[in-house]
1. (1) in contact (Cβ under 8 Å) with a residue 40 or more places away in the chain; (2) out of contact with any strand residue (DSSP E or B) (no Cβ under 6 Å at 6 or more places or on another chain): which one isn't true of H164, the others all being true?
2. Pairs needed: first member in the stretch 30-48, within 22 Å of M76 (Cβ to Cβ); second member anywhere, of a type in the set (A, V, I, L, M, F, W, C) and at pLDDT 95 or above; C-beta distance under 7 Å; at least 6 residues apart or different chains.
3. Failed condition for I206, given (1) of a type in the set (V, I, T); (2) under 30 Å from P122 (Cα atoms); (3) touching a strand residue (DSSP E or B) at 6+ places or on another chain (Cβ under 8 Å), with all others met?
4. Are there strands (runs of 3 or more DSSP E) fully within the stretch 17-67 with at least 1 residues that are modelled with pLDDT of 95 or more and more than 29 Å from Q177 (Cβ to Cβ)? List them.
5. Somewhere in the stretch 230-252, is a residue of a type outside the set (V, I, T), farther than 30 Å from D121 by Cβ and surrounded by fewer than 20 Cβ atoms within 10 Å (Cβ to Cβ)?
6. Given the residues R133, R138, which is the only one that is without any contact (Cβ under 8 Å) to a residue 12 or more places away in the chain and closer than 24 Å to L61 by Cβ?
7. Part of a loop (DSSP other than H, G, I, E, B), modelled with pLDDT of 95 or more and among the polar types (S, T, N, Q) - does that describe any residue in the stretch 267-281?
8. Scan the stretch 247-267 and give yes if some residue there is closer than 17 Å to P5 by Cα and among the basic types (K, R), otherwise no.
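The values are calculated or read from the model by the stated rules, or taken from the named source; none is laboratory data. Predicted, not measured: the structure shown is a model, and the values here were computed from it. We place every Cβ from the backbone using ideal geometry, glycine too, and count neighbours over all the protein chains shown.
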Amino acid sequence: MPELPEVETVRRGLAPVMEGARFVKVEVRRHDLRWRLPRDFAARLEGKTVTGLGRRAKYLLADLSSGDVLIMHLGMSGSFRITHRDARSSPGAFHHERSSAAAHDHVVFHMSSDACITFNDPRRFGSMKIVPRTDLDREPLLRALGPEPLGNEFGAVLLANACHGKKTSLKAALSDQRLVAGLGNIYVCEALNRAGLSPRRRASTIAGKMGRPNEKAERLAAAVKAVLVEAIKAGGSSLRDHRRTDGSLGDFQHAFRVYDRAGQPCPTRGCKGKVRRIVQSGRSTFYCPVCQT
């Protein structure tokens, strides 16, 4: 499932053709996505202008001139494709076939910016929902989410306080969207490796008395921010389904240190360990048992 860097990459690709543009026509080719789209879905969007396109954790949030917010989630295999009405006559216009073409094109936005934005989702675990902006703080999809790891409030103090007294593993704690929003399996593994901390370590060990951060918390908070910034710069990680809005792949998978690298030498300088794969909470964890303690 796409994590924060992949969703942010998609947001940055959509923003130039969505922000300030009006929904001229909305085609709903399938209503039965992760949950069924309401009958008035298209009607609530058509004629409305996107005043801003943001992101909260793994959700895209399009503010509308009507006072509503369009919430979009990519699910496991969802992607957005941008084309233009004059694409056929434009030299070098990009075209990329994905999945099995129109069979999985479920929602199409025709924008006043001349862009046609198509949501393609073979597995149909993606979702869209329209809610009033005034109700956003109470929206069940968003209200329990923790702080954004790239936000100003996130750091060692917040991370240590959230982990204080927790008996769960550090891997499980970082994967909890109530503790940190947007992190998933890939970037938790990568951040823990950079910080030199074992995914098996008890989460409470990065906090001292009264939840104050120790040196481990400082290293981990810095590693989380660093790996996310680098992944966004690389366009995210493309393992199966992630595509940028122009159809190209993300590149960060080529920079993985441990994720999906079981059996390979640890990349940490001076370490002679090998990357190991274990299973935690039904998910694969990759780490070096020598330098991650």
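1. H164 satisfies all of (1) in contact (Cβ under 8 Å) with a residue 40 or more places away in the chain; (2) out of contact with any strand residue (DSSP E or B) (no Cβ under 6 Å at 6 or more places or on another chain) except (2).
2. From residues that are within 22 Å of M76 (Cβ to Cβ), the pairs are H31/L37; L33/M128; L37/V28; L37/M128; F41/V28; F41/I130.
3. (2)
4. Per the criteria, 23-28.
5. No; the residues of the stretch 230-252 include none that is of a type outside the set (V, I, T), farther than 30 Å from D121 by Cβ and surrounded by fewer than 20 Cβ atoms within 10 Å (Cβ to Cβ).
6. The conditions single out R138.
7. yes
8. Yes - at least one qualifying residue is present in the stretch 247-267.
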